[in-house]
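Before any comments, here is the structure.
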Amino acid sequence: MDNEMRTRGEDLLSAVVPLMKLLCLTVIGLVLAHPRLQIVPRATFRLLSKLVFALFLPCLIFVHLGQSITLKEALEWWFIPVNVLISTAIGCTLGYIVAIVCRPPPQFFRFTVIMTGFGNTGNLPIAIVGSVCHSPDNLFGPSCHRKGVAYVSFAQWVAVILVYTFVYHMMEPPMAYYEIVPEEVEIQDEPVTSSNFSRPLLQEAEWPGMADKETEHSKRPFIARVFMSISGSSQNTFPDIDLTEEGGATTSCHSPKSIHCLAEPKVVRRMRIVAEETPIKHILQPPTLASLLAIIVGMVPIFRDFMFGSDAPLAVLTDSLEILAGAVVPSVMLILGGMLADGPNDSSLGLRTIIGITVTRLLVLPLVGIGVVALADKLHLLGEADQMFRFVLLLQYTMPSAILLGAIASLRGYAVREASALLFWQHICAIIPLSIYVFVYFKLLSYV
């Protein structure tokens with residue numbers, strides 16, 4: 001009995017201590033960035049975020065994913081990106097239920113669905129994996145960190161594509177309530193000045209430079225205007241979007257060079273216009289480029305032997321990149337603490353909806369994730385996956401809403417304050433459910 005109690009206590013400590021380490025780093029960042037102290041200027045945190053995004057994180061992804069992946073592994077890991085799609089689909093379904101039950105203001109219905117459905121699949125899982133693997137007697141063995149980062153990185157490209165396609169359009173300001181959340185009011189309420197820290201850092205905490213991707217349609221209900229004529233609705237506030245070919249001449253469709261437009265139905269033309277306005281080209285950012293390069297190098301044996309291994313010609317370069325990669329976890333948690341320093345912004349979302357999203361995201365979705373991963377394992381969809389593989393799959397259901405959603409909200413000029421407040425409360429409340437579920441995951445994995 002004493003041995004059993006001691007084992008349970010050790011299992012609990014092994015699950016809680018890594019998260020306590022991350023919490024300490026977050027508290028340090030919060031103290032450094034607190035408005036009353038301002039030990040470190042807010043601009044420093046934005047610069048640190050850019051360093052993580054452009055240098056530290058790409059180095060981490062390239063070194064660990066490049067060493068771990070081969071053509072065989074890439075085929076065996078197919079369920080990782082699929083699991084991102086499954087978790088997002090289940091999360092959005094639960095978010096739809098939350099929106100119906102909690103009845104948020106109508107203009108935030110889609111916002112409720114997205115904030116419930118889309119979790120953090122990047123920086124925070126990497127930090128948790130790094131902290132869990134920091135202990136030499138961890139559950140996952142000596143290659144814990146390398147494999148964990150590789151699995152998380154392999155899922156990121158799917159999440160980024162979802163952000164710049166599905167999430168980008170779902171976060172479009174609603175046509176019927178555009179007057180309630182207009183661009184001018186958002187800018188007036190939250191000016192980007194040196195005294196306002198929460199919104200700029202929220203924009204740049206995970207994906208710096210997002211605000212620079214703004215287009216003429218990014219803060220307007222673009223899709224609703226494109227398909228307005230199909231539904232037969234009219235809106236005097238917005239002019240119809242020009243659906244003609246380039247040049248706008250009415251005779252262009254009679255030209256032999258433009259005869260293809262005669263065969264293009266209006267619905268297809270509208271879909272093409274929406275696709276052209278989808279910023280999918282912006283997925284090629286440093287972390288995704290590092291993932292792509294790591295996959296190429298890892299799959300080609302000649303490149304792999306040239307980069308990785310103690311006898312590799314470029315081993316010195318790889319070791320240097322690994323040194324830089326070591327800065328990711330502390331930097332990410334310091335930035336998170338800095339983002340939380342100013343507290344939540346005022347929100348029109350409603351307390352009931354905030355509680356509903358938070359409970360669903362942090363308590364209900366992980367339970368569903370356990371069922372999904374267990375079912376996939378029973379159906380032999382995971383193959384000969386190790387325990388870290390399963391742990392990363394479970395983490396994808398356990399994370400709070402992605403900080404990147406705050407940047408998308410700012411880019412679209414839609415629910416910026418609501419996103420800031422919701423992300424604040426979710427990350428404040430996440431420490432207890434995360435500790436509980438990590439402990440549960442460790443117990444479940446110990447029986448595998």
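The values are calculated or read from the model by the stated rules, or taken from the named source; none is laboratory data. Please read these numbers as outputs of a predicted model, since none were measured by experiment. When we count neighbours, we look across all protein chains shown, and the Cβ atoms used for this are built from the backbone with ideal geometry, even at glycine. Ligands, DNA and RNA are excluded from the accessible area calculation, which covers all protein heavy atoms including side chains. Shrake-Rupley method; radii C 1.70, N 1.55, O 1.52, S 1.80 Å.
Taking each pair of different alpha-carbon atoms in the range 285-441 once, compute 1/r for the pair, average those values, and report the inverse of that mean as the Kirkwood hydrodynamic radius in Å to one decimal.
Final number for the Kirkwood radius of the range 285-441 is 18.9 Å.
Leaving ligands, DNA and RNA out of it, rank His145, His380, His169 by accessible area with a 1.4 Å probe, largest first. Can you show the working numbers first?
Values: His145 60, His380 150, His169 40 Å².
I get His380, His145, His169, largest accessible area first.
Sort the range 27-113 into rounded, prolate or oblate with this rule: let a ≥ b ≥ c be the square roots of the eigenvalues of the Cα gyration tensor; rounded if a/c is under 1.5, and if a/c is not under 1.5, prolate when a/b is larger than b/c, oblate otherwise. Write out the running numbers ahead of the final one.
Working: a/c = 3.48, a/b = 1.02, b/c = 3.40.
Oblate is the answer for the range 27-113, as a/c is 1.5 or above yet b/c matches or exceeds a/b.
How many nm is it between the label spots at Ala89 and His169, if each spot is 7 Å from the Cα in line with the beta carbon?
Here the answer is 1.7 nm between the modelled labels.
If DNA, RNA and ligands are ignored and the probe is 1.4 Å, what is the ranking of Leu367, Leu404, Leu55 by accessible area, most exposed first? Write down the numbers at each step before the final one.
Values: Leu367 105, Leu404 15, Leu55 65 Å².
So, going from the largest accessible area down, we get Leu367, Leu55, Leu404.
If I stretch the segment between Leu367 and Arg103 completely, what's the gain in nm (0.36 nm per residue apart, minus their alpha carbon distance), one decimal?
Gain on extension, Leu367 to Arg103, equals 92.7 nm.
Kirkwood Rh, Cα Rg: Rg to Rh for the range 384-447?
Computed over Cα atoms, the ratio is 1.14.
How do Arg352, Arg42, Arg103 rank by accessible surface area computed with a 1.4 Å probe, from largest to smallest?
The most accessible residue leads, giving Arg103, Arg352, Arg42.
Quick check for me: using +1 on Lys/Arg Cβ and -1 on Asp/Glu Cβ, what's the dipole size of the range 295-448 about its Cα centre, in debye to the nearest 20?
Approximately 640 debye in magnitude.
Pull up all non-local amide H partners of Gly119: gap of 5 or more, or a different chain, and H-to-H distance under 5 Å with H placed in the peptide plane.
Amide H neighbours of Gly119: Ala402.
Which pairs break 24 Å Cα to Cα here: Lys147/Lys443; Lys50/Lys72; Lys72/Lys443; Lys21/Lys147?
Lys50/Lys72; Lys72/Lys443
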